[in-house]
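The values are calculated or read from the model by the stated rules, or taken from the named source; none is laboratory data. All of these numbers come straight from a predicted model, not from anything done at the bench. Every residue, glycine among them, receives a Cβ derived from its backbone with ideal geometry; neighbour counts consider all protein chains shown.
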Amino acid sequence: MLKKSKLHGEFFMQGDIACAEGAIAAGCRFFGGYPITPASEIAERMSYRLPMLDGVFVQFEDEIASITSILGASWAGMKSMTATSGPGWSLMNENIGLGMMMETPCVLINVQRGSPSTGLPTSWGQSDMMQAKWGSHGDYGSISLCPKSPQEFFDLTIVAFNYSEKYRLPVFILTDAIVGHMTEKVIIPPVDELEIIERKYTTKKPGEYLPYKVEKDMVPDFAKAGDGYRYHTTGLTHDERGYPVMTEECQWKCVPRLVEKITKNADNIILLEERDVEDADVVVVAYGITARTVVPAIEAAKKKGIKVGLLRLITVWPFPEKRIKELAQKVKGFVVPELNLGQIVLEVERCSAKYVTTKSITHPGGGIHKIENIVKAIEKVAYE
Amino acid sequence: MKNIPQKVIHQYLRHQKKFPHVWCAGCGNGIILGDLLRAIYNLGIKKDNIAMVSGIGCSSRMPVYVDFNTLHTTHGRAIAFATGLKFAKPEMHVIVITGDGDAAAIGGNHLIHAARRNIDLTIIIINNSIYGMTGGQYSPTTPTGKKATTAPYGSIEPTFDLCELSRCAGASFVARSTAYHTIETRKIFEKAILKKGCSVIEVISQCPVVYGRLNNITSPVKMLEWQRDNTIPVSAISKLPAEKIKGKIVRGIIHDVDKPEFTEEYDKLVKQFEKQSDNYKNNTKNNS
């Protein structure tokens, strides 16, 4: 039995469990979930931990209820989270849109597996990278983070909560079954050393408060349901009061801001790790577990005398297009290995096509890229 | 029992919201909303302590007009949303407004599981036997043989008995009323809101514009009279001969039992840990 309600110290910890602990450290006190491999350990850990922290764990009847319940908890001021994998994510998409439209802070974890459909439940993939951006109908800004290790799964879960509170939207972590199920050293700092951001609660009085009025930062102030404000919120196109208005004009006011509050803050959201990128001829763009499995290939290419660097996307959405465009003007080309049949490579191409070629190295999941394939691709880009 | 002033509902409406409302002339939604507001007035519950959560459909447009904490969610998902909200603010009265399509078709899974958990929600299902907002498609409660835009030859599907469904699934309070029986409806709402546990109230309503027109009953008055003539109070069942009961819909409080409520049971679990950590603290104090 854990005596301490909040952990700190050094642990040999599974990725999924590190994620749960990260959520707890960030202040998450409501978890709604549904069993699915390879994400169930997150729910299991939360079911064990939350009752001792005066938090709430509910296993729901499906993923649709899970996502919708965390929106409800968030509207009453509780930091909330759910975790799933591809099939569950597909079910959540509609209410991800509700969360985006209502501007509800919460965190969704996707421990990706081989897809489509039931695919490879016990094996890994990076199959939902585009679904995270475009899965729900319509336009909305999206923030997605990709950890490469249990330690980073812990750290980024806190970052995800901070972003969700700051920008008021559901924030996604897109990891995979390897990171979720791998056990490594995880250092959990004392809670008071962590940077924890809370949503901006209104200082206005009831009667003066408008739930969707925004200032320069484009993020509306929050008021908890039940705190005397008695506002309305809806998934319908709405005005500053939250009331539905079915006009073209209101649609213009309501929707583009959902995108712009993210794109205009992209520099503050995008996290990248760069290794030997500055003087590189070839840049490998990778994220999540792939950014680890390609390292031997990069080393092998270097031994052959190729100047090759690694750009690791910790933030995948919003896509770091500024950095890719900068690099595109300096390098010979990009190599993009992914555990899908080419998703994020489309973004790299979009940003670099004017300048250089990009090579996609695909893999349907359930294994990792062959090192020689990546080396070959690096050589091709370097010498052709 | 307080004497309810005539214009009591006005103090609960959002006057800054643009009226008229979206409902058609002759619709039962306004009548039922009036019953609900009178019930809330009678119970003396503060507006701040009421959250009204709805899904999608005609009846689900109700929250926007009333001065409570109002949350209008997605089709079928109001109960799931309300579950999260209730846990975060257990002291609030959380009322779910839903329709027959919203609650019994797309949201059926959430309805039965909320009933099974016996979570303290007041779930009001306004059953007009049709998808009104989308123009008249048949729902799980469209009577067999009746027409809808997607059942042009009459529906061949059997219907759900929403009260029986909720009772069997575990709700601690189940009742049925109609738009016609306004006083009964109000009294049921009062009991349901106070009930600690999952309350499901089916209110049979009329949709003259869509259901009525498709089935050749164009007068809302005739539809209200139908509600009067085709329902019997649950208390009358034992008194009436079998032939008078046959084919009639039972109204009133059908099921009312006390059983463990979900958020309270969860609270007990949390309290165990509080005790443990108190013991732990006390032990460490004694040792030092």
Say we look at segment A:215-234 and pick out the residues that are in contact with a Ser or Thr (Cβ under 6 Å, 6 or more places away or on another chain) and in a loop (DSSP other than H, G, I, E, B); which of these is surrounded by the fewest Cβ atoms within 10 Å (Cβ to Cβ)? A:D221
Would you mention how many residues in segment B:29-60 are closer than 25 Å to B:L224 by Cα and in contact with a Pro (Cβ under 8 Å, 6 or more places away or on another chain)? 1
Can you tell me how many residues in segment A:130-173 are without any contact (Cβ under 8 Å) to a residue 24 or more places away in the chain and crowded, with 22+ Cβ neighbours inside 10 Å? 0
Going residue by residue through segment A:192-200, is there one that turns out to be in a helix (DSSP H, G or I), modelled with pLDDT of 95 or more and under 18 Å from A:W75 (Cα atoms)? no
Within segment B:90-103, restricting attention to residues that are closer than 26 Å to B:C27 by Cβ and either surrounded by fewer than 24 Cβ atoms within 10 Å (Cβ to Cβ) or within 10 Å of chain A (Cβ to nearest Cβ) (or both), which residue is nearest to the chain's Cα centre (by Cα)? B:V94
Counting only residues in segment A:118-129 that are out of contact with any Leu (no Cβ under 7 Å at 6 or more places or on another chain) and in a loop (DSSP other than H, G, I, E, B), the one surrounded by the fewest Cβ atoms within 10 Å (Cβ to Cβ) is identified as A:T118
Scan segment B:235-277 for residues that are closer than 22 Å to A:F60 by Cα and of a type outside the set (A, V, I, L, M, F, W, C) and jot them down. B:K259, B:P260, B:E261, B:T263, B:E264, B:E265, B:Y266, B:D267, B:K268
Out of all the residues in segment A:209-227, which are within 14 Å of chain B (Cβ to nearest Cβ), at pLDDT below 95 and either at positive phi or out of contact with any helix residue (DSSP H, G or I) (no Cβ under 8 Å at 6 or more places or on another chain) (or both)? A:G226
State whether the residues of segment A:165-175 include one that is outside the structural domain of A:N93 (by TED's automatic domain parsing) and among the aliphatic types (A, V, I, L, M). no
Which one of the conditions (1) surrounded by fewer than 24 Cβ atoms within 10 Å (Cβ to Cβ); (2) part of a helix (DSSP H, G or I) does A:E61 fail to meet, given that it meets all the rest? (2)
Among residues belonging to segment B:41-89 that are assigned to a helix (DSSP H, G or I) and more than 13 Å from chain A (Cβ to nearest Cβ), point out the one that is surrounded by the fewest Cβ atoms within 10 Å (Cβ to Cβ). B:L43
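Rundown of residues vs (1) modelled with pLDDT under 95; (2) out of contact with any Phe, Trp or Tyr (no Cβ under 8 Å at 6 or more places or on another chain), yes/no style:
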| residue | (1), (2) |
| --- | --- |
| B:P20 | yes, yes |
| B:I40 | no, no |
| B:M52 | no, no |
| B:L71 | no, no |
| B:I79 | no, yes |
| B:F87 | no, no |
Scanning segment A:243-270 for residues that are in contact with a helix residue (DSSP H, G or I) (Cβ under 8 Å, 6 or more places away or on another chain), crowded, with 16+ Cβ neighbours inside 10 Å and closer than 30 Å to A:D155 by Cα gives A:L258, A:K261, A:I262, A:N265, A:A266, A:I269, A:I270
